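Single-structure report; data block below.
The values are calculated or read from the model by the stated rules, or taken from the named source; none is laboratory data. Predicted model, so just to flag it, every value in this text is computed and none were measured. We place every Cβ from the backbone using ideal geometry, glycine too, and count neighbours over all the protein chains shown. Calculation scope for accessible area: heavy atoms of the full protein, side chains included, ligands and nucleic acids excluded. Shrake-Rupley method; radii C 1.70, N 1.55, O 1.52, S 1.80 Å.
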Amino acid sequence: MVNIILHGCSGKMGRIFTTVTKEDKGVQIVAGIDKCSGEETTYPVFRNLRTCTVKGDVIVDFSDASGVNELVKFCEENKIPLVTCTTGLSEIQQRKVEKLAERVPVLQSANMSMGITTLCELLKGLRKKLIFQEYDIEIIEKHHRHKKDAPSGTAILLKKAIEKEEVPIISIRGGTIVGEHQVSFAGQDEVIEIKHTVYSRAVFARGALKAAKFLVEQKAGLYTMENIS
């Protein structure tokens, strides 16, 4: 049984992760961390990590960048693996996460969808097949009106997979769009388009759950979703 501490349990993704976890008999959430009281849960909820008295095998983080410093410190002190799905980290925060990975297993991904992981692999394959200089490349990403960061962490992830600095990212925010990412390659008399659309946040929750079960078996290091695809 894998015991999970859920950081950010009262947010949208935290609540969905709680529901998805009930489908898997090999895992359980033993504690939640959130400054806001959410729906009633079957596990105890603490306002912060400092007051958490429950031990877990791994932390799954669905919070925001404001809690990263405390999260990294807690994981380091307790030698507990971390699955973090939080985007919008500063350079200093990112370095702290990478430093933590030298001591405990850390899986960091801007998008926990296995579909996005596959898309990144496809882009890397295209990078070997196409002469990118002959194509104008754009990334268009769409999310709901309440998403704070733009461009999205996923769009940045896709750009890194392409490995071309001058790729523009167009961000659209509106309605209740869960997530849509499209990469367009416009060449001479032809266009190649690859698109990934998410219809439910449960996709991210299932990916994070898979990541948690993977990470508890690993040694210290920085992992991504590509390591478990």
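Rg to Rh for the stretch 90-183: what is it, with Cα atoms only and Rh by Kirkwood?
Reported Rg/Rh (Cα atoms, Kirkwood Rh): 1.01.
Where both bridge residues fall in the chain, DSSP classifies roughly 40% of the beta bridges as antiparallel. In vacuum, with every alpha carbon of the stretch 23-67 counted as one equal point scatterer, what does the Debye formula give for log10 I(q)/I(0) at q = 0.17, 0.21, 0.24, 0.28 Å⁻¹? Two decimals, please. Listed by q, the Debye log ratios stand at -0.53, -0.80, -1.02, -1.29. Loop-located GluC sites (Glu not before Pro) in the stretch 147-229 (DSSP state not H, G, I, E or B) with no more than 13 neighbouring Cβ atoms inside 10 Å: Glu163, Glu165, Glu166, Glu217. Spatial offset of the stretch 183-207 relative to the stretch 109-178 amounts to 8 Å, using the alpha carbon center of each. The simple spin-label model puts a point 7 Å past each Cα toward its Cβ; for Ala186 and Glu138 those points are separated by 0.5 nm. Overall, the accessible surface of the stretch 1-57 at a probe of 1.4 angstrom is composed of carbon and sulfur to the extent of 50 percent.
If you average 1/r over all unlike Cα pairs in the chain and invert the result, what Kirkwood radius do you get in angstrom?
Taking the inverse mean of 1/r over all distinct Cα pairs, the chain comes out at 18.4 Å.
Rolling a 1.4 angstrom probe over the protein heavy atoms with all chains in place gives the chain an accessible area of 53 Å² per residue. Here the extension length gained between Lys148 and Leu130 equals 3.1 nm, from 0.36 nm per residue of separation less the Cα-Cα distance. The loop-placed trypsin sites (Lys or Arg not before Pro) in the stretch 14-88, going by DSSP, that have at most 16 neighbouring Cβ atoms within 10 Å of their Cβ come out as Lys22, Lys25, Lys35, Arg47, Lys55, Lys79. With helices as the sole contributors, the chain gives -9500 deg cm²/dmol at 222 nm; each DSSP H run of n ≥ 4 counts as -39500 (n - 2.57), and the sum is divided by every residue. Once the gyration tensor of the Cα atoms in the stretch 133-204 is diagonalised, the equivalent ellipsoid follows with semi-axes of 23, 13, 11 Å, ordered largest first.
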